[in-house]
Every structure is written in C-alpha cells, then in structure tokens.
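Participant: Mind having a look at this structure? Questions to follow.
The values are calculated or read from the model by the stated rules, or taken from the named source; none is laboratory data. Everything numeric here is computed off the predicted structure, so don't read it as measured data. Cβ atoms come from the backbone with ideal geometry, glycine included; neighbour counts cover every protein chain shown. Surface accessibility is based on the protein's heavy atoms, side chains included, excluding ligands, DNA and RNA. Shrake-Rupley method; radii C 1.70, N 1.55, O 1.52, S 1.80 Å.
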Amino acid sequence: MINYTLYNADCRQGIKTLADSSIDFIVTDPPYFIDGMDDNWNDKTLARKSAKSGVIGGLPVGMKFDRSQGENLQRFLEPLCKEFIRVLKPGGFCIIFSQGRLYHRTAMALDLAGFEIRDLLGWKYEGQAKAFSQTHFIRKDKTLSEKEKQQLIEELDGWKTPQLKPQIEPMTLGQKPKEGTFVENWRKYHVGLVNTKETLDGRFPGTLMDVPKSVRQSETDTKIEHLTVKPVRLIAHLIRMFTLEGQTVLDPFTGSGSHGVAALRNNRNFIGFEIEKKYYDIADERFRNLLTIGFAISAKYNPSIKPARS
C-alpha cells in the first residue's frame, strides 16, 4: 500500500525532520520571487493583482528590470537545495520549475549545493503575451511636440518591451552524485537512471514537454484555484521517467497538490509541505478523493511543525 504524508508547515523547517537519503525524487515548483511570489507569498494580494490585470505580470510597466529578484530567489533556494541533496538517495534526481529569466539562479542554487546539473527541461504551453506598447508613455511625454509624438508612435508601431509571449517554463534537472558506476548505484538505491520507455508522444522522451494547461484533471478532482498550478499529466510523466513504483516523491511546495496526485495515481509514495492552509486543504481534499476511486492509500497528517498563515 502506498502512503502520503502532508504537512501544513513551512518546508524550510519541516524538511529538516526528514532522514538522510530517504527520498527517491524531488519535483517542486517554488516561489519565483516575482510580483509578490516570494517567501512572503500572500494569496489575497496576488489574487487582486491577477483580477486587475488579467495576468500576474513579472515586471513593472515599461519592463523595469529588477536584479534583486534573482538574487533573492537564489538566496532563498540555496539552504533548501542543501537539504534536498541531504534527503535524496545517491543518484536521485531533483527537478525545480523556474521562470525564464531567473532559471540560472535556480541552477546556481542546485550547483552550489553539490548537485550535478544534468539538463534544462521545458514545459511547453501557450501563454499570454505581456509586452507593453510605448504609445502611452510617448503621449505623456511633455518634452515632445504633438507632431513629434505622432511621428514616434508611428515609428514604434509594433515595437514593444522585450517580453515575448511565454511558451516554455524551464525546469532545472539536478542529480545528486551517485556512488560508483550507474549500475552499482542502481543496484543499491534503484535511482540514477532515466526510464526512456516513458513517453508523452510515442517517441524517445525529450527535454521539451508539450502538455496543455489544465486546472481540472478529472470529474472526481477538485476545481483548482491556484495561480501557478501545473498539469498532473506533466508531473506524472516526470515521476514515471525518474522513479519506480513504490518509491517516494517529495514536493516541499505542495500548493494545490498536483504533484501529490500524480505520484499517488502512479503508485508512488508522496511527502508534501504546504504553508498556506487554504492550499493544504485543497491538496488534502484531492488526495482524499483518490480514495473514492479505488486507490489504496494510507494517509498521514502532521500539521504541527509550524502553523500555516491563514
């Protein structure tokens, strides 16, 4: 029987309770440190921003670049990545979702913790264009005459801030150094190799994974209201590619529970941490719903490590 343990806790404290070399695979989607998506994540504030603009914009109007976002992300991830490499079995893989222009910070955090950066993976999807026209700024410029404004507007027709329509979300693939050869490590820990029979399209698995966005996976699933939810199909593909049935998957940022659903549906054990009570409850409901459709799951709960923010 597979089991899951779901903690209503801050993973930065909770992960320290996990034993060394006890996890087979980590796949997680941490805060991206853009527009309030950081270690002070406030769901209500982000929802207001989304309702106002229709998207969560990663940059202020006019594409003002903020270098501190990447610096803060790396600073946040570095101690976590040290815990990741501690709890993973030798040869175990860690996949962290990121944001296009901050991917290198995620990779550096893993690299500095001792992971071998094996590859850049990409989730391909159809995003929403966010580039800004300069017309509004030109019209407000008091240093220009009306004729100059019109000429400049015509000159910049179609020219916008450097934000191409997002169609890929990068993932860093890190591997904890193995013990001995690939075969020796496999015989001892049964991790460290990739299942190339796992495929999304019938072909040899590739680094680019084309999976449509989805906020509801089945009729028995809960309607998901989370700003950064990932498709269960995508996570299930990753889990089947890097683990065997009966092994344990960890997601320190469980959110609405898609990673846990993918693990449990594919007969993997799951450990998750979620600091927000709202999403902890959603994930809990999704996992419980699996019980109603015949999954043999043993549930474990431990909300006592640290109270979640309300």
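Participant: Does at least one position in segment 174-187 carry a residue that is in contact (Cβ under 8 Å) with a residue 12 or more places away in the chain, under 26 Å from residue 32 (Cβ atoms) and in contact with an Asp or Glu (Cβ under 7 Å, 6 or more places away or on another chain)?
Facilitator: Taking every residue of segment 174-187 in turn, at least one turns out to be in contact (Cβ under 8 Å) with a residue 12 or more places away in the chain, under 26 Å from residue 32 (Cβ atoms) and in contact with an Asp or Glu (Cβ under 7 Å, 6 or more places away or on another chain).
Participant: Would you mention how many residues in segment 83-102 are open to solvent by 10 Å² or more (accessible area, probe 1.4 Å) and in a loop (DSSP other than H, G, I, E, B)?
Facilitator: Residues meeting the conditions: 1.
Participant: Do you know which residues across segment 188-234 are modelled with pLDDT of 75 or more and within 15 Å of the chain's Cα centre (by Cα)?
Facilitator: Selection gives 209, 211, 213, 230, 231, 232, 233, 234.
Participant: Sort out which residues of segment 121-134 are outside any loop (DSSP other than H, G, I, E, B) and surrounded by 15 or more Cβ atoms within 10 Å (Cβ to Cβ), and write them in order of number.
Facilitator: 121, 122, 123
Participant: Mind listing whichever residues of segment 142-166 are in a loop (DSSP other than H, G, I, E, B) and loosely packed, with under 13 Cβ neighbours inside 10 Å?
Facilitator: Result: 142, 143, 145, 157, 158, 159, 162, 164, 165.
Participant: What is the one condition in (1) within 13 Å of residue 123 (Cα to Cα); (2) open to solvent by 40 Å² or more (accessible area, probe 1.4 Å); (3) modelled with pLDDT of 95 or more that residue 171 does not satisfy?
Facilitator: The one condition residue 171 does not meet is (2).
Participant: Any chance you could count how many residues in segment 152-168 are at pLDDT 95 or above and of a type in the set (S, T, N, Q)?
Facilitator: Qualifying residue count for the region: 0.
Participant: Go through segment 151-203 and count every residue that is under 19 Å from residue 87 (Cβ atoms) and in contact with a Lys or Arg (Cβ under 8 Å, 6 or more places away or on another chain).
Facilitator: Residues meeting the conditions: 9.
Participant: Also, I was wondering about something else. Can you confirm whether segment 10-19 contains a residue that is in contact with a Pro (Cβ under 6 Å, 6 or more places away or on another chain), modelled with pLDDT of 95 or more and among the hydroxyl-bearing types (Ser, Thr, Tyr)?
Facilitator: No: zero hits.
Participant: Yes or no: segment 178-187 includes at least one residue that is more than 30 Å from residue 94 (Cα to Cα) and in a loop (DSSP other than H, G, I, E, B).
Facilitator: Checked segment 178-187: no residue is more than 30 Å from residue 94 (Cα to Cα) and in a loop (DSSP other than H, G, I, E, B).
Participant: Then there is this: List every residue pair whose Cβ atoms lie under 8 Å apart, where the two residues are 6 or more positions apart in sequence or sit on different chains, the first residue falls within segment 107-129 and is polar (S, T, N, Q), and the second residue, located anywhere, is modelled with pLDDT under 95 and open to solvent by 70 Å² or more (accessible area, probe 1.4 Å).
Facilitator: Within 8 Å, the pairs are 128/165.
Participant: Continuing with the same structure: Please indicate, with yes or no, whether at least one residue in segment 108-116 is within 17 Å of residue 192 (Cα to Cα), aliphatic (A, V, I, L, M) and not in a helix (DSSP H, G or I).
Facilitator: No: zero hits.
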